[in-house]
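The values are calculated or read from the model by the stated rules, or taken from the named source; none is laboratory data. Because the structure is a prediction, the values reported are computed rather than measured. All Cβ positions, even for glycine, are placed from backbone atoms using ideal geometry, and neighbour counts span all protein chains on display. Ligands, DNA and RNA are stripped out before the accessible areas are found, and what is left, the full protein with its side chains, is counted by its heavy atoms. Shrake-Rupley method; radii C 1.70, N 1.55, O 1.52, S 1.80 Å.
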Amino acid sequence: MEFSLGQIAAILGGKVEGDENLKVYRLDKIQEGAPGGISFLANEKYSSFLYETKSTAVIINESFELTKAHQTNLIRVKDAYASFTQLLEAYDQLRKSEISGVEDPSYADPSSAIGDNCYRGAFSYIGKNCKIGTQVKIHPHAYIGNNVTIGDQTIIEAGAKIASDCVIGKNCHVHHGAVVGSDGFGFAPLPDGSYKAIPQIGNVVLEDNVSIGANTTVDCATMGSTVIKEGAKIDNQVQIAHNVVIGKNTVIASQAGVSGSTKLGENCVVAGKAGIIGHLDLADRTTIGANTGVTKSVKKPGTTIFGYMGMEMKDFLKSYSLFKKLGSMESRLKELEKKP
Amino acid sequence: MEFSLGQIAAILGGKVEGDENLKVYRLDKIQEGAPGGISFLANEKYSSFLYETKSTAVIINESFELTKAHQTNLIRVKDAYASFTQLLEAYDQLRKSEISGVEDPSYADPSSAIGDNCYRGAFSYIGKNCKIGTQVKIHPHAYIGNNVTIGDQTIIEAGAKIASDCVIGKNCHVHHGAVVGSDGFGFAPLPDGSYKAIPQIGNVVLEDNVSIGANTTVDCATMGSTVIKEGAKIDNQVQIAHNVVIGKNTVIASQAGVSGSTKLGENCVVAGKAGIIGHLDLADRTTIGANTGVTKSVKKPGTTIFGYMGMEMKDFLKSYSLFKKLGSMESRLKELEKKP
Amino acid sequence: MEFSLGQIAAILGGKVEGDENLKVYRLDKIQEGAPGGISFLANEKYSSFLYETKSTAVIINESFELTKAHQTNLIRVKDAYASFTQLLEAYDQLRKSEISGVEDPSYADPSSAIGDNCYRGAFSYIGKNCKIGTQVKIHPHAYIGNNVTIGDQTIIEAGAKIASDCVIGKNCHVHHGAVVGSDGFGFAPLPDGSYKAIPQIGNVVLEDNVSIGANTTVDCATMGSTVIKEGAKIDNQVQIAHNVVIGKNTVIASQAGVSGSTKLGENCVVAGKAGIIGHLDLADRTTIGANTGVTKSVKKPGTTIFGYMGMEMKDFLKSYSLFKKLGSMESRLKELEKKP
């Protein structure tokens, strides 16, 4: 992007104090501002940065009273935070909409139908019998297997892989290197101690507005579907095993893992590195703490689970505070044992 | 696939009750059946689904007695479970054998020898002096470095990477985005506090029938080989460090990690998120619980290790059950201290 | 490589005992030596292998006295260990410098400037307005977005992804499948229980001499930069969240994770699978044990933190040793309670 301060003031309904012809092409934090960038000041706590920033311009509340000299240009608006958010989203939208068309070489089997205004980066691959919606962005090195459906406006980032038969909704965002539809980990033991792979012939369904993080893996179902429901947001390097169901608007942070056939309810929150064993049911609005191991189903909605082998949070924290004091408990035991 | 019910009955040695000209092209779970799919019913527990399913057909035991009306077609066989498994494997085999030939553009250095009936997807890469066996499937975006050997019928999924000098056996399956042969993490500290990379010039050897999960990483040895022995099965997002040896038929679940130079015996089972520190030896048939940290070698075959800093399982579970009761132990201590 | 023993002796200033015309093309461990390889013997503990090795040649100290017959050829040098290290680095250098030029097809937008003597593998992608230094190696399937800067002699391995706007220093090494610059995980909750993505418009800065492991993910900042400072070494499958700062020469082992906005000082060491929550500050030279969860800032340089919810190491180990004895503490409590 490249806008003059005058143009930005016009968009925001604000007023420039300084040179309205200066141009900016970047959004900065005020404390890290540099020439060519525009920042904002909404929180009084950061006021001192206004007088030091090297940003070309700062968006500021109409009501803000200057107390010192400054070297930047101001854009005065009613609500600096709201204005900056407006600018941020416009900028993000602009960046995303910039890309379109087909870069060469890319690969798409002629049996696949691809909607209008899609982007297909160089080295992107689309297999047979796929249905790709409109305005879908398939970045370089993205892999789409056979019989895949992708809804409108979904973004498949560079090097993400969607295996055959998967169904991806609208407005989904699958980040770099993520794998959707890898084989579930299922092996039958044979009498000689070796294992035989159990065919994994199901798929993965991502409903609308789902986000899958970078290098996350979502296994296909043995049969049927592994399902990530509408609006669920999954961070980087998360593992979702076969036949799992993740509820609507549930959020899972980085490096967490969910084992086979477990079902999470709606609006759950799973913190980083948590692990959930297989074949459990977790009620709506369950919260799982960081690094927690969940070994039992959770029936009561709104429960918070915590700890190495997950317990209710308050119980765990009490036990852990005493774990820290085990040395003194041991000494107290010894004292008591000395008594006649 | 697309088969008529008559054709399937012929394959299974069964008998159609219904329209033998109807076609199915998918295997379904009976409780999730939809038109165009075929399901099975073996477990009496699921009998009620027979009368509701929307599957086009259901495979059912000869002996099964109907108690209500149904809207599906039946294929009667001696053993519904065995017949369905037979169909499942035939289906899986069919899907895999469907692909062959070379998609364009793909890259293979002319110095590499590639066996008959291989599949090379678009954008697959094969470096110099490789030896690729027969019926090997190298999917789109797969990367094979220089001097790599790959045995017959091995599958390298989309975006998997086999670094230079690695040796891959027969019938191996390297899943999407896996990295085999990345540099070991070895750095020598220098006097100024910085680190210098120690050259990692070894390789990785996968013996026959090894499975490597999606986005798993297996580092090459500093010198010599990191070895995954015959029949070992490794899940997604597992980290295997340099110079590790994984024994025959050992199974490692998702997000586990094995540090440098550790050796696991045969038929071990490592559950999800377990971590094993470096330079240990684990006896045959060692079982490591989920989330367990293993800090010592295990000498006795068949041992089960569990817990944050791994202990024998029964000891850990006893201590953990008391950890949960630390609050009451503390109260009891207080009571005793009150006594005169 | 392929060198005669005579050539190697000349490089090392040593003397051949055996056939100086024999050729070697591999470096081996002495205990795993095979024809065509050269090994070394520096540690007396390994002397017995000298008489059994199948290596074509062994580098050995001038002063070493043979006590039995052997079947290999010797190269006598002043310091066998130093000589072998010299050979190892020469070998590594040779392997890396062998590659150069542009393989076809590769993609680079004409607006990008690419320095001299770069390698660009087949299917590598370089977006718009990038500045690539000299002797940079961009391996097959590597993805470089728009407006990316990469310093001289940096190596981007196969399938690594550098998102738009990132800045990569000199002599960096980004390993296979790593993602630098994926979106930070930031979502604003809406009144209906769904989430809206907060635009992540910042970037990642890797300073000089940084190493990023295979399939590691480093998220871009929400605004500003996620920074990995000079000389930091990061292993495989590590997660670095948005706006994190990793200090100079800090080392992070596999499967560790650092949450948003946390800052690590210089020369810290983070062991495998450790997790650090967001918005913390860790002093210089902090050491974090394997599997540790860090929940508080560390103010004192040189502190070692350990345990499920990180404590100072000695405190944790004391408590954990008593945790193992909770069964006996419980019994002792019972005994005391029996007293009148």
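What about A:Lys273, is it open to solvent by 10 Å² or more (accessible area, probe 1.4 Å) and not assigned by TED's automatic domain parsing to the domain that holds A:Ile212? Criteria not met by A:Lys273. Can you find even one residue in the range A:298-320 that is assigned to a helix (DSSP H, G or I) and of a type in the set (A, V, I, L, M)? Among the residues of the range A:298-320, at least one is assigned to a helix (DSSP H, G or I) and of a type in the set (A, V, I, L, M), which makes the answer yes.
Within the range B:229-238, can one find any residue that is assigned by TED's automatic domain parsing to the domain that holds B:Lys300, open to solvent by 10 Å² or more (accessible area, probe 1.4 Å) and under 20 Å from A:Asn215 (Cβ atoms)? So far as the range B:229-238 goes, yes, one or more of its residues are assigned by TED's automatic domain parsing to the domain that holds B:Lys300, open to solvent by 10 Å² or more (accessible area, probe 1.4 Å) and under 20 Å from A:Asn215 (Cβ atoms).
Residues in the range A:147-172 that are within 21 Å of B:Ile156 (Cβ to Cβ), touching a Lys or Arg at 6+ places or on another chain (Cβ under 6 Å) and surrounded by fewer than 24 Cβ atoms within 10 Å (Cβ to Cβ): there are none. Scanning the range A:42-68 for residues that are open to solvent by less than 20 Å² (accessible area, probe 1.4 Å), hydrophobic (A, V, I, L, M, F, W, C) and not in a strand (DSSP E or B) yields one hit, A:Leu50. If you go through the range B:255-293 and keep only what is of a type in the set (Lys, Arg) and either part of a loop (DSSP other than H, G, I, E, B) or closer than 25 Å to A:Asn291 by Cα (or both), you end up with B:Lys273, B:Arg285. Of all residues in the range C:249-276, none satisfies the criterion of being at the interface with another protein chain (Cβ under 8 Å from one of its Cβ atoms), at negative phi and either touching a Pro at 6+ places or on another chain (Cβ under 6 Å) or among the basic types (Lys, Arg) (or both).
Identify the residue in the range C:194-223 that is more than 14 Å from C:Ala160 (Cβ to Cβ), more than 9 Å from every other protein chain (Cβ to nearest Cβ) and outside any loop (DSSP other than H, G, I, E, B) and, among all such residues, is farthest from the chain's Cα centre (by Cα). Per the stated criteria, the residue is C:Lys196.
Screening C:Ile252 on (1) over 27 Å from B:Gly293 (Cβ atoms); (2) surrounded by 21 or more Cβ atoms within 10 Å (Cβ to Cβ); (3) at pLDDT 95 or above shows it passes everything except condition (1). Selection of the range A:173-193 for residues being crowded, with 24+ Cβ neighbours inside 10 Å and either more than 8 Å from every other protein chain (Cβ to nearest Cβ) or not in a loop (DSSP other than H, G, I, E, B) (or both) yields A:Val174, A:Ala178, A:Val179, A:Val180, A:Gly181, A:Ser182, A:Gly184. Residue pairs whose Cβ atoms lie under 6 Å apart, sitting 6 or more positions apart in sequence or on different chains, and linking a residue in the range C:145-159 that is free of Cβ contacts under 8 Å to residues at least 12 places away in the same chain to a partner that is open to solvent by 10 Å² or more (accessible area, probe 1.4 Å) and hydroxyl-bearing (Ser, Thr, Tyr), do not occur here.
Residues of the range C:69-89 include at least one that is over 21 Å from C:Ala9 (Cβ atoms) and open to solvent by 80 Å² or more (accessible area, probe 1.4 Å). Tell me yes or no: at least one residue of the range A:306-313 is more than 8 Å from every other protein chain (Cβ to nearest Cβ), over 30 Å from C:Gln237 (Cβ atoms) and more than 22 Å from the chain's Cα centre (by Cα). The answer is yes, given that some residue of the range A:306-313 is more than 8 Å from every other protein chain (Cβ to nearest Cβ), over 30 Å from C:Gln237 (Cβ atoms) and more than 22 Å from the chain's Cα centre (by Cα). When C:Thr226, C:Thr286 are screened for being more than 11 Å from chain B (Cβ to nearest Cβ), of a type outside the set (Lys, Arg) and farther than 25 Å from C:Gly186 by Cα, only C:Thr286 passes. If the condition is being away from every other protein chain (no Cβ under 13 Å) and crowded, with 16+ Cβ neighbours inside 10 Å, then the range B:113-130 contributes B:Ile114, B:Cys118, B:Cys130. Listed by first and then second residue, the pairs linking a residue in the range A:62-90 that is more than 14 Å from every other protein chain (Cβ to nearest Cβ) and among the hydrophobic types (A, V, I, L, M, F, W, C) to a residue that is part of a helix (DSSP H, G or I) and open to solvent by less than 90 Å² (accessible area, probe 1.4 Å), with Cβ atoms under 6 Å apart and 6 or more places separating them unless they lie on different chains, are A:Ile75/A:Ala9; A:Val77/A:Leu12; A:Val77/A:Ser83.
Is the range C:95-104 home to any residue that is crowded, with 18+ Cβ neighbours inside 10 Å, at pLDDT 95 or above, more than 10 Å from chain B (Cβ to nearest Cβ) and part of a strand (DSSP E or B)? Looking through the range C:95-104, none of the residues is crowded, with 18+ Cβ neighbours inside 10 Å, at pLDDT 95 or above, more than 10 Å from chain B (Cβ to nearest Cβ) and part of a strand (DSSP E or B). Just to be sure, is A:Tyr107 surrounded by 13 or more Cβ atoms within 10 Å (Cβ to Cβ), at pLDDT 90 or above and in the same structural domain as A:Gln153 (by TED's automatic domain parsing)? Yes; evaluated as a whole, the condition is true for this residue.
Would you please name the residue that is nearest to the chain's Cα centre (by Cα), looking only at residues in the range A:1-36 that are at pLDDT below 90 and of a type in the set (Asp, Glu)? By that ranking, first place goes to A:Asp28.
Being touching a residue at least 24 places away in the same chain (Cβ under 8 Å) and farther than 26 Å from A:Ala197 by Cα: is that true of B:Glu52 here? So B:Glu52 does not fit the description; no.
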